[in-house]
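None of the figures in this text is laboratory data; all of them are computed from the coordinates on show. What you are looking at is a predicted structure, and each value in this text was computed from that prediction instead of being measured. Glycine also receives a Cβ, built like all others from the backbone with ideal geometry; neighbour counts cover every protein chain displayed.
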Amino acid sequence: MDRELLVSYQSNSLSLKNKNSPSAYISDITMGMDHVSLTVRDVEKSIEFYTKALGMKLLRKSVVNPTGTRYVNAFVYNDHFFLELIPAETSALVPNQRPATFPAAMRGTIGITHLGVRVKDLDAAVAKMKAAGAMAIDKPIQVNKVETIFFAKGVDPKIKYFKEPRKKPWRVALFSDPDGVTIELIER
């Protein structure tokens, strides 16, 4: 099953078979995004959170010993998205500093600011996050208009949802996971 998932994942990644394709701007050595990795306080607690709150499934756990320091990491997935969970070193364990407002969560730090998760029903997703113990950041918002300039031509239909809101507005809610990582739920 894991092998089938990986083959499915790879076949749906961006490819460079056609140099005239919209994805041709990606380097010849890049096949596509592979995964996002989060450093967490407790891998088991994070597995429990992401499986309950976002319906992800545990793909694997691995014992890793790249530099003489042995630890266990895990991969969880949902459809074609892979999330790696790596335990933080003791020196990285600082008190949670969760953002209190929408602007602070989305633009308050340098680096990866949030995980964006597209949902079909924001209200149901919010209820599931709360049931899993996630902490809400600010109130949900509605996006009626976005001023957007698109540069890519011939964009793959799978990513056209990034265009401006049309028939109905986007709805967005923000939560913190157990380690304070911001999760953006977006209904487009």
Given backbone amide H placed at 1.01 Å from N, residues whose amide H is under 5 Å from that of Val119, ignoring those fewer than 5 places away on the same chain, are Ile186, Glu187, Arg188
Phi-derived 3J(HN,Hα) across the range 119-130 with the Karplus relation (6.51, -1.76, 1.60, θ = phi - 60°), rounded Hz, x for Gly and Pro, is 10, 7, 9, 4, 4, 5, 5, 4, 4, 5, 5, 4
Over 22 Å (Cα to Cα) among Lys52/Lys168; Lys57/Lys130; Lys45/Lys120; Lys120/Lys167; Lys52/Lys145; Lys130/Lys167 -> Lys52/Lys168; Lys45/Lys120; Lys52/Lys145; Lys130/Lys167
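Would you mind ranking Phe81, Phe49 so that the residue whose beta carbon has the fewest other beta carbons within 10 Å leads the list?
On the way: Phe81 16, Phe49 24.
Final ranking by Cβ density, sparse to dense: Phe81, Phe49.
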Simple spin-label estimate for Ala104/Lys120, 7 Å along Cα→Cβ, in nm, reads 3.5 nm
If the chain between Asn78 and Val143 were fully extended at 0.36 nm per residue, the gain over the current Cα-Cα distance would be 20.8 nm
Ranked on Cβ counts within 10 Å of their own Cβ, fewest leading, Val126, Val76 go Val126, Val76
Proxy exposure order for Tyr71, Tyr77 (fewest C-beta within 10 Å first) is Tyr71, Tyr77
Here the FRET efficiency for Arg166 versus Lys52, based on Cβ atoms and R0 = 25 Å and rounded to 0.05, is 0.15
